[in-house]
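Q: Quick one: the structure is below, questions incoming.
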Amino acid sequence: MRFLVVEDDFTSRKLLQRILSPYGEVDVAVNGQEAVDAFETALRDAKPYDLVCMDIMMPEMDGQEALKRIRQIERLRERSGPDEAKVIMTTALDDPKNVVEAYYKGGATSYVPKPIDRQLFLQLLRNIGLIK
């Protein structure tokens, strides 16, 4: 199992790494551009990510734009349906517009508010079939 954590906040990034590391390899990116680059490299190297956890608000390229580009890369490589990476968007913002944008328009698998509750996050991973 391969995970990509995309988070500009150090504490949030480390928390997600600790939660995910028992289940597989965890790579990190600190902004949306790094996420897109890492995602594309992983596909090119035939080591795709199973899950991308991505903050919505980040410098350089926000999570909304990065998600759109990731889904575009997948379409170009004819990865759809079960071959698509699961993407969980995270944010401290209590903004329904951002949630709708990421979840419905952007193709996110799910959405998690911060601060992230470890047990609820693990239950979400079970519900989407990533861990047992």
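Q: By per-residue mean of other Cβ atoms within 10 Å, what is the highest-first order of 78-91, 42-55?
A: Values: 78-91: 16.2, 42-55: 18.6.
By packing density, highest mean first, the sequence is 42-55, 78-91.
Q: Under a 5 Å amide H to amide H cut-off, with H placed in plane at 1.01 Å, what residues pair with V28 once short-range neighbours are removed?
A: Excluding prolines and chain starts, which carry no amide H, the hits are V5.
Q: Springs between alpha-carbon pairs under 10 angstrom, Gaussian network model over the chain: which of Q33, Q64, Q119 fluctuates most?
A: Highest fluctuation among the options: Q119.
Q: Based on the mean of other Cβ atoms within 10 Å per residue, sort peptides 121-131, 3-13 so the most packed one is first. Don't jump to the answer; show the numbers that get you there.
A: Numbers: 121-131: 15.1, 3-13: 19.7.
Result, highest mean Cβ count within 10 Å first: 3-13, 121-131.
Q: Still on this structure, please answer the following. Leaving out ligands, DNA and RNA, what percent of the accessible area of the chain is carbon and sulfur, probe 1.4 Å?
A: Values: 3430 of 7030 Å².
Of the solvent-accessible surface of the chain, carbon and sulfur hold 49 percent.
The values are calculated or read from the model by the stated rules, or taken from the named source; none is laboratory data. In this text, all values refer to a predicted model and were calculated from it rather than measured experimentally. Here Cβ is always computed from backbone atoms with ideal geometry, including for glycine, and neighbour counts include all displayed protein chains. These area figures cover heavy atoms from the full protein model, side chains too; ligands, DNA and RNA do not enter into them. Shrake-Rupley method; radii C 1.70, N 1.55, O 1.52, S 1.80 Å.
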